[in-house]
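Just so you know, all these numbers are worked out from the coordinates, no wet-lab data involved. This structure is a prediction, so every number in the text was calculated from the model and none was measured. Neighbour counts are summed over all protein chains in view; Cβ atoms, including those assigned to glycine, are modelled from backbone coordinates with ideal geometry.
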Amino acid sequence: MTDYRKRILFDAETIARRVKELAGEIAAKHPEGDLVLIGILKGSFVFMADLVRALDSPCQIDFVRISSYKSATVSSGELEITMDISVPIGGKHVIVVDDIVDTGLTLSQYVKRLEKESPASVEIAALIDKTGRREQYVKLDYRGFSIEKGFVVGYGLDWDERFRYLPAVYALEDTE
Ligand code: IMP
């Protein structure tokens, strides 16, 4: 198996501290609770699990799986949802939970789609805001960390389905 060089960016303690702070920001903004959190699979699964436990207030949880696509498809306004949510979101305060925002194409399209279902509000929580390649503006209401560029793995994030299990976030070297 190829050996990739990984450089630690955010260790497990740093992530845990930041996730608790994000949960605090969410709780302060939504004291009434009653949120629906929608995780984008697969990358959000670890962040989602830690975030809802740090939130420590009643909420509903669902997941969506969106297939990767080429920009040309997105410009036509289409997203391929390969596994959709089943929790009704009409009238609810929704937070979309994602691992990393890169071009912003996935989230900007997905939020538009959710808004058609008349939620009370839609916000976004992303563990990592990768700013350098943004093509579509995405309003990040809750942002864990910012990086400018590079490919990162661990804490749910993968490279070719590898490294999701790692408890920290690493920059993968020799890939860019
Ligand atoms: P975009 O914002 O539509 O370009 O896509 C974001 C998605 O691309 C994320 O949810 C990840 O699945 C994937 N992605 C982008 N950058 C990285 C990275 O550095 N590591 C792992 N996955 C990434």
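Of the chymotrypsin sites (Phe, Trp or Tyr not before Pro) found in region 102-159, those that fall in a DSSP loop while having at most 10 other beta-carbon atoms within 10 Å are Tyr137.
Between Glu32 and Thr103, the simple label model (points 7 Å from Cα in the Cβ direction) yields a spacing of 3.8 nm. Here the ratio of the Cα radius of gyration of region 89-142 to 2.2 N^0.38 Å is 1.11.
Of the trypsin sites (Lys or Arg not before Pro) in region 4-73, the ones in a loop by DSSP (not H, G, I, E or B) with at most 10 other beta carbons within 10 Å are Arg5, Lys70. A crude spin-label estimate for the pair Glu173 and Asp62, with each label 7 Å from Cα along the Cβ direction, gives 4.4 nm. Modelled spin labels at Thr131 and Ser86, positioned 7 Å past Cα toward Cβ, are 4.1 nm from each other. Region 6-22 and region 142-176 have Cα centres separated by 12 Å. Converting phi to 3J(HN,Hα) with the Karplus coefficients 6.51, -1.76 and 1.60 and the offset θ = phi - 60°, region 154-162 yields x, 6, x, 7, 10, 10, 6, 6, 9 Hz in sequence order, with x at every glycine or proline. Taking only the Cα atoms of region 12-147, the radius of gyration and Dmax are 14.2, 42 Å.
Using the rule -39500 (n - 2.57) for each DSSP H run of four or more residues, divided by the residues of the chain, the 222 nm mean residue ellipticity is -8000 deg cm²/dmol.
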